[in-house]
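Below is one structure, written out as structure tokens; comments come after it.
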Amino acid sequence: MVDPSGAVIPGAACALTDQATGRTLEASAWSDGNFTFPNVPPGTYTLRIEASGFKVMTVTGVVVHTSEVRTLGNLTLRVGEVKESVSVSAEIAVVQVQLASGEKSGLVSGDQLNSIALKGRDFFGMLQTLPGVVDTNAGRETLHTTSIQGIYINGGSDRSKNYSVDGVFSLNSSNGTTAIQPNLDAIGEVKVLTANYAAEYGRMSSGVISVITKSGTSDFHGSGWANFRNEALNANSFFNNARGTPKSSYRYRTYGYSIGGPIYIPKRFNTGKDKLFFFFSQEYSPLTKDYGSRLVTTPSEAERKGDFSHSYDVNGALIVVKDPLSGLPFPGNIVPVNRISRAGQALLNAFPLPNFTDPDPRNLYRWNLISTYSGPTDIRNDVLRVDYNPVPTLNVSYRFMRNVQTDTKPWGDWKTDNNFLLTPLTNGSPGRSHMIQATKTFSPTLVNDAKFAYTLSNPNADFVDPSKMTRAAFGNLPELYPDSGVRDKAPNISFGGQPANTIRLRSNPVEPWSWRGRNFTLADNLSKVWSRHTLKVGFNWDRYRATSSDTRGPATGTFDFARASTNPFDSGHGFSNALLGNFASYTELSRLVTKDTLLNVFEMYVQDDWRVSRRLTLNLGLRTVSQPPEYDVRPNSAAHFDPSLYVAGKSPAIYVPARDANGKRVGMDPISGTFVPAAYIGLFVPNTGDPANGSAVCGSNGHPRGCFTRSPIFLQPRFGFAYDVFGNGATAVRGGFGIFFDTPDANSFESSAGNPPISYTPSLFFGNLDSMASGAGLIGPSNMPSQAAIGHLPLPMTMNFSLGIQHQTRGILFDVSYVGSQARHSLMRRELNPIPMFARFDPANADPTSPGKALPDNFMRRYAGYGSITPYEMSGNSNYNALQIAVNRRLARGLQFGVSYTFSKVLGDTAISAYFPTRQWNYGPLSHDRSQAFVFNYIYDLPNLGAKSGFRPASWILDNWQLSGITSFISGAPFTPGFSTTDGQDMTGSSEGPRILVVGDPKLDQSERTFYKNFNTSAFARPALGTFGNAGVGILRGPGISNWDIALAKRFPLGSEARFVQFRTEFFNAWNHTQFSALNTSARFNPAGQQINPTFGAYTATRPPRIIEISARVVF
């Protein structure tokens, strides 16, 4: 504060009053004229300043947002008596340039959320309007536990962002979904911290999405709403029109209400309506969701009887079916009746018959079965908040939130990934959260805030009709462990890529499946203002426990009938292999294991916002994190393989292929020479070694209970600055640097539950359905996918930094910044047990019973007695560099808008190769890299022409109209074409297959592109035998986004501007512009090297067509 001459005014009495509740905070100006209110809750305030010899200044409408260090610039007091006063509006007095912090952040207010078209009232859809945020979730239809997925902040991982509700971590640590999510009318504001933010915030490394719920006020306020969507209002999709497919059922209803105000008893309790407040909101969403179409190839009626004379590849060439016994084609391409396996035929007959012929001749042989489905989804959201101010220096809050969500999915879920309609899966995702918060003001300069919260996430799933998923329904196929405790359920079944797009049956866990995650949070923050310093210290402790049924896929077995050049019984066609009963592989879990894991995350911090001078503020901080590895609380539940424990020669012998005296293919004990049935091949010879050689049970015999170890503490320094360039508060240079650590995906440990020696997942290779039962009960080399890490590991870390300038002119704030980040130790997986490069070509690895064929991979691996082993490790790297521009104007004279533009590149490790250096082979643009993103959001109150006309009835029609929307122009995702072959040739003889061979420039000018050719398909070729190809990572770009979402609303005031009824129509993809979203990126080569896929390079999918939503809303 200064006087008219610019001299500072020390000692002034300052009072900050919440305009909604009447609660007042007090402070005194320091000797330099500055004053600070620590720990101010979000809200709109009135500031009153009194100083001897000066008129009282009152500043109204001071808006404070969550996690904000708010500055009002220089306030000039006028000379006069205290009984005189001067009142100003904060919109005039407040400078919007951020002068107190160097953080990069963005804000979405509750008013914005309710004014702009957001499909399904999903507030996550609004985050794309912020610079540096990429939203790849094209399926937003309603607020859902998965709404947060597909959002990337400043190049960070999808799973590396924090999501908090009222300051409480609210994510499911196992799968990254939200445990709770409030409806729009329960949200006060959403703030996204993107880079170099204060030490107060942590837990994850790539941004914080902070949601603050509404509180009650001293006046009663409320709202009610109803939203409606129906397929009759929508356009049909491009490909539905092309195929003559009508629109599926698409029916969304969302309705709810909110109410808040004081709790009082006239003349007895809370008579001033400033002590006890409540807020309550409920939202219901009964939906019928359209899950689109699935197009696949299913066995024809003739093929089920052995007649493959009309079985064609995508280019119309006959797929030749060979007799595995002779290696010659079956006469007429027909399998003799006496060669047909009853079990295999029963399996094929379990799948639906063809029902579709594509009108596009290029797709005539690409698929023959279409499945469509629209299913019910029911969502309910409850929010209750109570705030109590028993004395002016104490505030106590309680917040309860509950989400009940049940949807019915036919496919596209990790728990059921069938690609045809059989029986949908009912998914329940209930979640609830309790939070208690107490804020105590000990003095105007000392405030303490404490929180305790309990958050529960309890997803579950089962099939709508389990009888359609039984083993008997699919031919009662044999199994290795009929007494493993698994409910009767069909195995996973796949037929590979010959013919194209084959039908499959896939469901991973054993239904009914359930998971229960409980998170206890205890946090405390102490704020102290001392001279030019605002100090803050605190801690946060999250205790997370998860209990789950077994999620491993092979619990009921996995059959693969795909063609494989290494399979001596391959007939060249997935369906004919099944009809003959010959499978390429079969894997089954020996027994189920329930998981019960515990994770503790303890963080502490100290930070200082130091106002060095009137122009310069520094933000200094240090956060520490202690995060011991997650572990299973029950003994003998989790295990993993550790190479340091492996002893060569200690593993059991494996039955090898041989021929008996009659020339019959059998298995043989390589030690004794004893013959056994062929079904034993690849399994362990009993009592010949340790089947768990190199594996250890976590928490036993001195092995770490979390399977690996980690340093006890990690340091996260933070630094930021803001410099007022000209001293007038209109221009600031801001920047900073910070180190942030992640909580790794909990699945990185939980996937170790049940590993050998606790249970086994042996695989049979190149077997037959009619004989495999003879191997039941034996065990063999297990695959160990996604097992816990090995040794001593760091936490994933991100260093981010920014430098930018903000300038305000004419009520518009311009922000131009460079933003960068470097991620280190990201979570990756490495194949630990590959076969040697080209091992299948080595004559020493030939199958003695099948000349020219190699033994199964498990005979060649580095660690004998195991299959594939892919432990997690913290070894990934990535970097992000961006120019970010934001232009924002708050609502004034009927117009509010925000423009964000990001020009960026995110490069990193996409995988780890068993053979090649990562930087050479797997480094490039990450999947969420979008080189340019321009997003424009706006709210415009149209001129009141009726009022200007002076004719009152005209006002009812012409006044109070509002136009709002979001317009997006975003670059496409990077991709590299892949390929398949008609002959199934093994080109590398290794654990990794080849990439496509690039022989020219794959890019086409815009003028050269057509519907069927979006890149230069002639620039790709079939790699030579014994090579790995040469295509890099992300060498091309897919289709981008050009989208307009527009809302038009009419408001009818009910006696005042604070009470009204509003009717709104929302148009998503308003112009019904066909926005192609995917391409056919897979070439198909015949043995001569000719590319035969007629749709290689063509468009294959679109974003949704125009969808219209009608809504009504009442506010009081």
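The values are calculated or read from the model by the stated rules, or taken from the named source; none is laboratory data. Note that the coordinates shown come from a computational prediction; the quantities given were computed from them, not determined experimentally. Methodologically, a virtual Cβ is constructed for each residue, glycine included, from the backbone with ideal geometry; neighbour enumeration extends over all protein chains shown.
Brief remarks on what is shown
- From the list ASN881, ASN888, the one residue that fits, being farther than 27 Å from ALA1047 by Cβ, among the polar types (S, T, N, Q) and either modelled with pLDDT of 95 or more or in contact with a strand residue (DSSP E or B) (Cβ under 6 Å, 6 or more places away or on another chain) (or both), is ASN881.
- Total residues in segment 987-1023, condition of a type in the set (D, E, K, R), in a loop (DSSP other than H, G, I, E, B) and in contact with a Leu (Cβ under 8 Å, 6 or more places away or on another chain): 2
- Pairs where the first residue, in segment 595-618, is farther than 29 Å from HIS533 by Cβ and the second is crowded, with 21+ Cβ neighbours inside 10 Å and of a type in the set (A, V, I, L, M, F, W, C), C-beta under 6 Å, 6+ apart: LYS595/ALA753; THR597/ALA546
- The residue list GLY316, GLY375 contains one member that is at negative phi and either at pLDDT below 95 or buried (at least 19 other Cβ atoms within 10 Å of the Cβ) (or both), which is GLY375.
- Of the residues making up segment 487-507, those that are under 26 Å from the mean Cα position of the chain (by Cα) and surrounded by fewer than 20 Cβ atoms within 10 Å (Cβ to Cβ) are ARG504, ARG506.
- Some residue of segment 668-684 being of a type in the set (A, V, I, L, M, F, W, C), closer than 19 Å to SER868 by Cβ, touching a residue at least 60 places away in the same chain (Cβ under 8 Å) and assigned to a loop (DSSP other than H, G, I, E, B): yes
- Which listed residue is within 35 Å of the chain's Cα centre (by Cα) and within 30 Å of ALA1049 (Cα to Cα), from SER826, SER878, SER868, SER900: SER900
- Qualifying positions in segment 697-721 - closer than 25 Å to GLY738 by Cα, of a type outside the set (A, V, I, L, M) and out of contact with any Pro (no Cβ under 6 Å at 6 or more places or on another chain): SER711, PRO712, PHE714, GLN716, PRO717, ARG718, PHE719, GLY720, PHE721
- The set of residues in segment 725-778 that are within 28 Å of GLY689 (Cβ to Cβ), of a type in the set (A, V, I, L, M, F, W, C), buried (at least 20 other Cβ atoms within 10 Å of the Cβ) and more than 34 Å from the chain's Cα centre (by Cα) comprises LEU764, PHE765, PHE766, MET772, LEU778.
- Highlighted here are the strands (runs of 3 or more DSSP E) found entirely within segment 797-872 that include at least 2 residues which are over 30 Å from GLN98 (Cβ atoms): 812-829, 866-870.
- Candidate set: segment 240-260, residues that are small (Gly, Ala, Ser) and either at pLDDT 95 or above or part of a loop (DSSP other than H, G, I, E, B) (or both); chosen: the one farthest from PHE1116 (Cα to Cα): GLY244
- 1 or more residues farther than 30 Å from LEU364 by Cα: qualifying strands (runs of 3 or more DSSP E) within segment 431-544: 431-443, 446-457, 460-463, 513-530
Quick grid of which residues meet (1) β-branched (Val, Ile, Thr); (2) modelled with pLDDT under 95; (3) more than 21 Å from the chain's Cα centre (by Cα):
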residue	(1), (2), (3)
ASP382	no, no, yes
ARG385	no, no, yes
ARG399	no, no, yes
GLN405	no, yes, no
THR408	yes, yes, no
TRP411	no, yes, no
PHE420	no, no, yes
ASN448	no, no, yes
PRO459	no, yes, no
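- Check on GLY984, of a type in the set (Gly, Ala, Ser), buried (at least 17 other Cβ atoms within 10 Å of the Cβ), in the same structural domain as ALA1083 (by TED's automatic domain parsing) and in a loop (DSSP other than H, G, I, E, B): yes
- Any hit, segment 394-402, residues being touching a Gly at 6+ places or on another chain (Cβ under 9 Å), part of a strand (DSSP E or B), buried (at least 20 other Cβ atoms within 10 Å of the Cβ) and not hydroxyl-bearing (Ser, Thr, Tyr): yes
- Within segment 846-869, the only residue that satisfies the criterion of being farther than 19 Å from PRO652 by Cα and touching a helix residue (DSSP H, G or I) at 6+ places or on another chain (Cβ under 8 Å) is ALA854.
- Among the residues of segment 489-545, those identified as of a type in the set (Gly, Ala, Ser) and either in contact (Cβ under 8 Å) with a residue 60 or more places away in the chain or closer than 30 Å to VAL314 by Cα (or both) are ALA490, SER494, GLY496, GLY497, ALA500, SER507, GLY517, ALA523, SER527, SER531, GLY538.
- Filter pass, LEU997 being more than 27 Å from SER904 (Cβ to Cβ), in contact with a Lys or Arg (Cβ under 7 Å, 6 or more places away or on another chain) and free of Cβ contacts under 8 Å to residues at least 60 places away in the same chain: yes
- Only one of PRO1053, PRO1104 that is in a loop (DSSP other than H, G, I, E, B), modelled with pLDDT under 95 and within 30 Å of ASP941 (Cβ to Cβ): PRO1104
Residue-wise test of (1) among the aromatic types (Phe, Trp, Tyr); (2) assigned to a loop (DSSP other than H, G, I, E, B); (3) modelled with pLDDT under 85; (4) buried (at least 20 other Cβ atoms within 10 Å of the Cβ).
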position	(1), (2), (3), (4)
PRO10	no, yes, no, no
ALA15	no, no, no, no
THR58	no, no, no, no
ARG70	no, yes, yes, no
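- Of all the residues in segment 703-754, those that are of a type in the set (A, V, I, L, M), assigned to a strand (DSSP E or B) and within 30 Å of LEU645 (Cβ to Cβ) number 1.
- The residues of segment 510-527 that are buried (at least 19 other Cβ atoms within 10 Å of the Cβ) and either of a type in the set (Lys, Arg) or out of contact with any Gly (no Cβ under 8 Å at 6 or more places or on another chain) (or both), listed by number, are VAL510, GLU511, TRP513, TRP515, GLY517, ASN519, THR521, SER527.
- Among the candidates ARG665, ARG718, residue that is modelled with pLDDT of 95 or more and not hydrophobic (A, V, I, L, M, F, W, C): ARG718
- Test: PHE969 is out of contact with any helix residue (DSSP H, G or I) (no Cβ under 7 Å at 6 or more places or on another chain) and part of a strand (DSSP E or B): yes
- Among the residues of segment 239-256, those identified as out of contact with any Asp or Glu (no Cβ under 8 Å at 6 or more places or on another chain) and in contact (Cβ under 8 Å) with a residue 40 or more places away in the chain are PHE239, ASN240, GLY244, THR245.
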